[in-house]
């Protein structure tokens, strides 16, 4: 099975809608109307897919990790996605007990929650995914993407691990039930460490139990040490959601 895939997904959104003929419009007054029409949306996502070695010889369902890269890996060359994180480790020969899907963000764009939602739905449809063990992690722009995706779908994930990103503290209460492990470098000049500190503080104030790891000597690259640490993957696998 190939490691590189392209996903084309068409969703249909229905909105209430109708047009009233101009001849029957009531001027100077309010009148009730309904508008209904069908809107089609095309979603295109290029991504790397990793299946565990035992996948074909097993009937069990597997945990799934979604990895979101940073701004520097955007584009139309999937090899760039292999520069950091789990895709880099897989290229070096490391094996994981997860299905790992690593999409690529198009040039000059930011992570689209709608695109990621479509991708995850397709993964669940096409592969033996344990829907109670879906995790998301990302670095820098992908850290922001991790927060935003979790805000919109807080009940989809069993745990999240944003790295050197930030989010909207006003939405932190949505994650109070979710295991969250945040990573950041104290010397980060690109994304200030306070952005992670503020998110963790907001989740705790909402009653959650997010934890924060700060590397005292690290700058923006707080992801290499994080993804090289087996404890991260053990932590992910220790969490299961109840859907």
- Return only the number of the condition from (1) touching a strand residue (DSSP E or B) at 6+ places or on another chain (Cβ under 9 Å); (2) within 17 Å of residue 223 (Cα to Cα) that residue 190 does not satisfy. (1)
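Please find, among 143, 138, the residue that is touching a residue at least 24 places away in the same chain (Cβ under 8 Å), within 22 Å of residue 194 (Cα to Cα) and outside any strand (DSSP E or B). Write out each step before concluding.
Working: 138 fails: outside any strand (DSSP E or B).
Exactly one of 143, 138 is touching a residue at least 24 places away in the same chain (Cβ under 8 Å), within 22 Å of residue 194 (Cα to Cα) and outside any strand (DSSP E or B), namely 143.
How many residues, within region 42-76, are in a strand (DSSP E or B) and exposed (fewer than 14 other Cβ atoms within 10 Å of the Cβ)? Outline the logic, then answer.
Start the filter on region 42-76 by keeping residues that are in a strand (DSSP E or B), which leaves 42-50, 62-68.
Checking which are exposed (fewer than 14 other Cβ atoms within 10 Å of the Cβ) leaves us with 42, 44.
Residues meeting the conditions: 2.
Looking at region 82-104 only, could you name the residues that are in a loop (DSSP other than H, G, I, E, B) and either farther than 12 Å from residue 68 by Cβ or out of contact with any strand residue (DSSP E or B) (no Cβ under 8 Å at 6 or more places or on another chain) (or both)? Working first, answer last.
Applying the first criterion (in a loop (DSSP other than H, G, I, E, B)) to region 82-104 yields 84, 92-98.
Answer for region 82-104, where residues must be in a loop (DSSP other than H, G, I, E, B) and either farther than 12 Å from residue 68 by Cβ or out of contact with any strand residue (DSSP E or B) (no Cβ under 8 Å at 6 or more places or on another chain) (or both): 92, 93, 94, 95, 96, 97, 98.
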- Message: Yes or no: region 161-168 includes at least one residue that is buried (at least 23 other Cβ atoms within 10 Å of the Cβ), out of contact with any strand residue (DSSP E or B) (no Cβ under 9 Å at 6 or more places or on another chain), in contact (Cβ under 8 Å) with a residue 24 or more places away in the chain and not in a helix (DSSP H, G or I).
- Response: yes
- Task: Quick one: count up the residues across region 202-231 that are assigned to a helix (DSSP H, G or I), surrounded by 15 or more Cβ atoms within 10 Å (Cβ to Cβ), in contact with a helix residue (DSSP H, G or I) (Cβ under 8 Å, 6 or more places away or on another chain) and free of Cβ contacts under 8 Å to residues at least 40 places away in the same chain.
- Result: 2
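Given the criteria out of contact with any helix residue (DSSP H, G or I) (no Cβ under 7 Å at 6 or more places or on another chain) and buried (at least 17 other Cβ atoms within 10 Å of the Cβ), does residue 238 qualify? Full working, then the answer.
Details: out of contact with any helix residue (DSSP H, G or I) (no Cβ under 7 Å at 6 or more places or on another chain): yes; buried (at least 17 other Cβ atoms within 10 Å of the Cβ): no.
For residue 238, the condition - out of contact with any helix residue (DSSP H, G or I) (no Cβ under 7 Å at 6 or more places or on another chain) and buried (at least 17 other Cβ atoms within 10 Å of the Cβ) - is not met.
Here, each number is a calculation from the coordinates, and none is a lab measurement. Just so we're clear, the structure is a prediction, and the values are computed from it rather than from any experiment. Here the Cβ is made from the backbone with ideal geometry for all residues, glycine too, and neighbour counts use every protein chain on show.
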